[in-house]
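Notes follow the structure.
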Ligand code: GDP
């Protein structure tokens, strides 16, 4: 030990000037040799190369979840290169799509959407087949993986081998987010998912978008809070093919029954639906798995009804047309606003309009004229 100490002192003395005798009272210990900041044993990371379109499509048709996820990531990507790949994949999957029940589920936060989707999902999967749960939520805060579509909120489905849960595409314009979800539906159907749930928060415009991509629209309500308190607008109720009152359990059952009666009478005041279907109002408990079968029987009845009177196909055609025009609108808008000439001129014109130097209408006309004249109106 003593020998070791001697060696140590000796080395220290050589390394540090402060250990010289002239600085009596000072000693500096040698530090430990630092390891390199980069791990020398680390294997270089191999970047996954993007598989060819044919390979992705084949994988999807085989029901390969990894390939499906990668295709959805392409759909959600903002890179033009990924976008064109995504479009090729979608185009090739289209002939294999359409064979599913698309169900939209909405309700204010706290209504019990995730809990209910978990229960409804398990009920559906007991009958066989596969289920994809998608979401539309254009607000950026909520899409960072913690709210809609979050797997931890659908505990049983998250571990079910036949369920595919995908959160909302991240923020963007509502039209953009919704279009991506619609394209994802096509991919999921091609991968054999014959039940598609699309979840959305019942507080804004997103219901209209969901309504335009699903066959059946389910509105989850709660008892005991006034309609206006729930932030549910009349328009959303009008869109619903079924209204279900959740949390009909414990001492809440009576209140739920009362709400059921109120909703039933409120629905009488609405104009008849395009499909001829009379929306039903039911009570259930997503948490305690009560009345789930009844809700599902209603949905089964709707599909039978709308398929037998031809409305099912009519609605899908209307939706296909709607999405074509939506996509055109979106691309035109993006092309216009991303044009550097337009961007510059908009700033200038806006300032003029705000200082009352020009009217809004002539300013708009000038910008549009400039856009057309520049011949950059190509999409
Ligand atoms: P979401 O925001 O609409 O997705 O609602 P959640 O599914 O996260 O549910 C919100 C809260 O309501 C959670 O604390 C759930 O446990 C509770 N909840 C959901 N369904 C029921 C139900 O059927 N009965 C009762 N008593 N509570 C429920």
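So that you can scan it fast, the table gives a plain yes or no per residue for (1) modelled with pLDDT under 95; (2) out of contact with any strand residue (DSSP E or B) (no Cβ under 7 Å at 6 or more places or on another chain); (3) more than 16 Å from the ligand (Cβ to nearest atom):
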| site | (1), (2), (3) |
| --- | --- |
| 249 | yes, no, no |
| 255 | yes, yes, no |
| 258 | yes, yes, yes |
| 263 | yes, no, yes |
| 284 | no, no, no |
| 301 | no, yes, yes |
| 304 | no, yes, yes |
| 311 | no, yes, yes |
| 320 | yes, yes, yes |
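Annotation: residue 348 fulfils all but one of (1) surrounded by fewer than 16 Cβ atoms within 10 Å (Cβ to Cβ); (2) not in a helix (DSSP H, G or I); the unmet one is (2).
Residue 98 fulfils the conditions (1) assigned to a helix (DSSP H, G or I); (2) on the phi > 0 side of the Ramachandran plot except for a single criterion, (1). Quick check, is residue 56 assigned to a helix (DSSP H, G or I), away from the ligand (no atom under 16 Å from the Cβ) and at negative phi? Criteria met by residue 56.
I'd like the residue in the stretch 248-303 that is on the phi > 0 side of the Ramachandran plot and touching a residue at least 24 places away in the same chain (Cβ under 8 Å) and, out of all such residues, is farthest from the chain's Cα centre (by Cα). Give the steps one after another, and end with the answer.
To start, the set of residues in the stretch 248-303 that are on the phi > 0 side of the Ramachandran plot comprises 250, 276, 289, 291.
From what's left, touching a residue at least 24 places away in the same chain (Cβ under 8 Å): 276, 289, 291.
Details: 276: 31, 289: 26, 291: 28 Å.
That would be 276.
How many residues, within the stretch 105-119, are within 6 Å of the ligand (Cβ to nearest atom) and either touching a helix residue (DSSP H, G or I) at 6+ places or on another chain (Cβ under 8 Å) or modelled with pLDDT of 95 or more (or both)? So the answer is 3. Residue 357 falls short on exactly one of the conditions (1) more than 19 Å from residue 211 (Cα to Cα); (2) assigned to a helix (DSSP H, G or I), and that condition is (2).
The values are calculated or read from the model by the stated rules, or taken from the named source; none is laboratory data. Predicted model, so just to flag it, every value in this text is computed and none were measured. Note that each Cβ is placed from the backbone with ideal geometry, even for glycine, and that neighbours are counted across all protein chains shown.
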